[in-house]
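In what follows, a single structure is set out as structure tokens and then discussed.
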Amino acid sequence: MAKEIDLTDGDIRALNTVLQRRDGNNHTDFVVDNPMGRHAVAAGLTDDVAVTIKGHVGYYCAGMNQNASVTVEGNAGVGCAENMMSGTVRVTGDCSQSAGATGHGGLLVVEGNASSRCGISMKGIDIVVKGSVGHNSAFMAQAGNLVICGDADDGLGDSIYEAVIYVKGEAKGLGADCIEKDMTDDHRAKLKDLLDRAGVTEDPAAFRRYGSARKLYNFKIDNVGAY
């Protein structure tokens with residue numbers, strides 16, 4: 001049976017101590033009631049536990065997550081799953097800016113829309129957004145996959161490295177060094193696996209793939225005046 005925690009008193013430190021099991025408890029399932037948009041809920045989890053948050057959360061929910069499975073039944077503020085290492089974070093509503101920022105691993109699923117800079121500087125995380133994303137998503141993305149089932153705003157993949165972006169809808173504008181690339185059977189198979197893991201029913205054949213043109217990797221003397 002899940003351990004229920006009422007966050008009406010707003011004591012985030014006490015909540016995260018329990019969820020991180022630093023108080024010695026051995027629960028593996030938790031339910032957090034009345035989060036009321038508070039920040040840093042379920043941050044820094046390292047154990048294989050399941051946490052369901054019944055409501056909206058503020059900044060940095062599930063930040064630095066390792067191993068845990070966190071579900072937000074509502075919307076999430078800035079930096080949800082920021083610097084995530086492993087595990088799964090699912091948001092049933094929308095995410096604000098910088099969802100999955102700097103994430104090294106694991107899976108972030110946004111069932112609604114994600115705002116600007118989704119997946120900024122991602123370093124291995126997989127992000128699946130059922131809706132659309134805002135401007136400069138996957139900015140400086142280094143590794144991992146960003147799947148967008150809706151549309152992408154301006155600056156998609158600006159200064160991208162080796163991350164891969166899949167878009168079903170319209171990409172309004174690509175950032176510096178981001179180009180459309182061929183979609184092979186291998187890419188479609190990888191995308192299907194990502195969609196299946198996220199529990200999203202979409203046809204991989206309907207997506208386009210974007211990545212780095214690799215023209216920003218090396219210094220060019222012709223561009224010295226721009227440095």
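The values are calculated or read from the model by the stated rules, or taken from the named source; none is laboratory data. Quick caveat, the model's predicted, so the values are computed rather than measured. Cβ coordinates were reconstructed from backbone atoms using ideal geometry, including for glycine residues, and neighbour counts include every protein chain displayed.
If you check Ala50, Ala42, Ala76 for being on the phi > 0 side of the Ramachandran plot, modelled with pLDDT of 95 or more and of a type outside the set (Val, Ile, Thr), only one passes: Ala42. Here is a check on your reading of the model: is Tyr210 more than 19 Å from Ser98 (Cα to Cα), assigned to a strand (DSSP E or B) and of a type in the set (Phe, Trp, Tyr)? It is true that Tyr210 is more than 19 Å from Ser98 (Cα to Cα), assigned to a strand (DSSP E or B) and of a type in the set (Phe, Trp, Tyr).
Checked against the criterion of being more than 19 Å from Lys181 (Cβ to Cβ), of a type in the set (Val, Ile, Thr) and surrounded by 21 or more Cβ atoms within 10 Å (Cβ to Cβ), the candidates Val109, Val164, Val133, Val147 yield just one match: Val109.
State which residue is nearest to Pro204 (Cα to Cα) when the search covers only the range 154-188 and only residues that are of a type in the set (Gly, Ala, Ser) and under 20 Å from the mean Cα position of the chain (by Cα). Give the derivation first.
The initial filter retains those residues of the range 154-188 that are of a type in the set (Gly, Ala, Ser), namely 155, 157, 159, 163, 169, 171, 173, 175-176.
Narrowing the set further to residues that are under 20 Å from the mean Cα position of the chain (by Cα) leaves 155, 157, 159, 163, 169, 171, 175.
On the way: Gly155: 23, Gly157: 20, Ser159: 25, Ala163: 18, Gly169: 12, Ala171: 16, Gly175: 23 Å.
For the range 154-188, the residue satisfying everything is Gly169.
Just checking, how many residues over the range 1-30 are in a helix (DSSP H, G or I) and under 25 Å from the mean Cα position of the chain (by Cα)?
Pass one, the range 1-30, residues in a helix (DSSP H, G or I): 12-19.
If we keep only those that are under 25 Å from the mean Cα position of the chain (by Cα) too, we end up with 12-13, 15-19.
Adding up the residues that qualify gives 7.
Residues in the range 154-191 that are in contact with a Ser or Thr (Cβ under 7 Å, 6 or more places away or on another chain) and under 23 Å from Gly112 (Cβ atoms): Leu156, Gly169. Output the number of residues of the range 169-194 satisfying the condition of being buried (at least 20 other Cβ atoms within 10 Å of the Cβ) and in contact with a helix residue (DSSP H, G or I) (Cβ under 8 Å, 6 or more places away or on another chain). Of the residues in that region, 1 qualify.
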